[in-house]
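S.K.: Please read through the structure below; I'll follow up with questions.
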């Protein structure tokens, strides 16, 4: 039985995959539905003059929705920004910290506050974009009938579009395959690949790009893919030994195993969070008529020195923060102690937690350096080569990371149903151990 046939013949998995594809199709259709009151030709000319700036970067994440000023122009970035804010607040605000301890009920309450925060961010960004478009001329006015009616229509349309995407992502997470928000970002980035390839091929045919430059860009892309796949599958294995236990007349335990710690525990979360946080203040500053803020905003263009410094700093911070939030070393050590497991040479309990935390800190630092290099170096190299489309390690990391995560979730889904016939043909190779 082939892998594709195996997927089709499992009813529940087939429904989940079809549901995910249907949601992505709805998203891509919505990207082409324009917001009323905007001159399409003038808008296209405006964004053509802003390629390579922050708007070109955000347009890539929205899958071209911002460039078309569609109903999904804001994308899922407001939801991500709100999620970041409330995750940070759970650490410093006692009220949210107590809610987090309440389990599922507390998590639902925090998610509700996150949705309210998303609406507030959408209202701010919608008003800012409407104000900016009313003042933009390139060379003709972008807005056909400026005024309060246009502002209200734009705010309402963009807010509803972003909230709908937030809901769509949650439905994909619950009823589809993979993380819905990540899949929407994945689809937006993937949609820009054919256009970038076509542009590069056209420049090569006209002689504006040499064959050598095309080969160099291709080599950078392939090398980035290789490094990401290699490191994302890397783990640090901590040996675990279980003590023998006598239950009745039988002896249980005594086996040796390991605790796998991923090199990049946080996955694609740090660059997404960092990009979102950098985009939000820069977007607001774009529409504030202060010369000092305007100059600072120009320094935050993707690829600039100041942008890269902030970007790397935020990636490192979120790599450690997200790892600390999702991986509780105290809980792992306590579970090992309850089941008679221990790390050879380390006492059970708190010493084990401290040892795991020490190892996790070292590999998280390595993972943060790896993510920073992947997100910054390819962008710098392709900018020096004057690549006619935005190619950054951030987009490649998200593409590969989401694809690997989705494949792993399909594998886990199949394993949970003991579908051995399919797994013999399509099971992913085990993650390599990195000492």
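S.K.: Would you confirm whether any residue within region 303-311 is modelled with pLDDT of 85 or more, closer than 24 Å to residue 118 by Cα and surrounded by 14 or more Cβ atoms within 10 Å (Cβ to Cβ)?
M.R.: Scanning region 303-311, I find at least one residue that is modelled with pLDDT of 85 or more, closer than 24 Å to residue 118 by Cα and surrounded by 14 or more Cβ atoms within 10 Å (Cβ to Cβ), so the answer is yes.
S.K.: Just one of the numbered conditions (1) part of a helix (DSSP H, G or I); (2) assigned by TED's automatic domain parsing to the domain that holds residue 108; (3) within 20 Å of residue 275 (Cβ to Cβ) is not true of residue 196; which one?
M.R.: Exception for residue 196: condition (2).
S.K.: If you don't mind, there's one more thing I want to ask. Only one of 155, 177, 189 is in contact with a helix residue (DSSP H, G or I) (Cβ under 7 Å, 6 or more places away or on another chain), crowded, with 18+ Cβ neighbours inside 10 Å and over 30 Å from residue 12 (Cβ atoms); which?
M.R.: Numbers: 177 fails: over 30 Å from residue 12 (Cβ atoms); 189 fails: over 30 Å from residue 12 (Cβ atoms).
Being in contact with a helix residue (DSSP H, G or I) (Cβ under 7 Å, 6 or more places away or on another chain), crowded, with 18+ Cβ neighbours inside 10 Å and over 30 Å from residue 12 (Cβ atoms) holds for just one of 155, 177, 189, which is 155.
S.K.: Could you pull out every one of the strands (runs of 3 or more DSSP E) wholly within region 228-280 that has 2 or more residues that are at pLDDT below 80?
M.R.: Qualifying strands (runs of 3 or more DSSP E): 245-247, 250-252.
S.K.: To continue, here is another question. If only one of 237, 233, 213 is out of contact with any helix residue (DSSP H, G or I) (no Cβ under 9 Å at 6 or more places or on another chain) and either touching a residue at least 40 places away in the same chain (Cβ under 8 Å) or not assigned by TED's automatic domain parsing to the domain that holds residue 346 (or both), which one is it?
M.R.: Step by step, each of 237, 233, 213 is checked, and only 237 is out of contact with any helix residue (DSSP H, G or I) (no Cβ under 9 Å at 6 or more places or on another chain) and either touching a residue at least 40 places away in the same chain (Cβ under 8 Å) or not assigned by TED's automatic domain parsing to the domain that holds residue 346 (or both).
S.K.: Within region 165-188, how many residues are in contact (Cβ under 8 Å) with a residue 40 or more places away in the chain and over 23 Å from residue 47 (Cβ atoms)?
M.R.: Counting residues in region 165-188 that are in contact (Cβ under 8 Å) with a residue 40 or more places away in the chain and over 23 Å from residue 47 (Cβ atoms) gives 14.
S.K.: Residues being crowded, with 19+ Cβ neighbours inside 10 Å and touching a residue at least 60 places away in the same chain (Cβ under 8 Å): count how many of those fall in region 323-341.
M.R.: Final tally of qualifying residues: 3.
S.K.: Give the number of residues within region 76-116 that are in contact (Cβ under 8 Å) with a residue 60 or more places away in the chain and over 18 Å from residue 322 (Cβ atoms).
M.R.: 1
S.K.: Let me ask you something else. Specify the residue that is modelled with the lowest pLDDT; the eligible residues are those in region 26-69 that are on the phi > 0 side of the Ramachandran plot and within 27 Å of the chain's Cα centre (by Cα).
M.R.: Ranking the qualifying residues of region 26-69, first place goes to 52.
The values are calculated or read from the model by the stated rules, or taken from the named source; none is laboratory data. What you see is a predicted model, and the numbers here were worked out from it, not measured in a lab. Backbone-built Cβ (ideal geometry, glycine too); neighbour counts: all protein chains shown.
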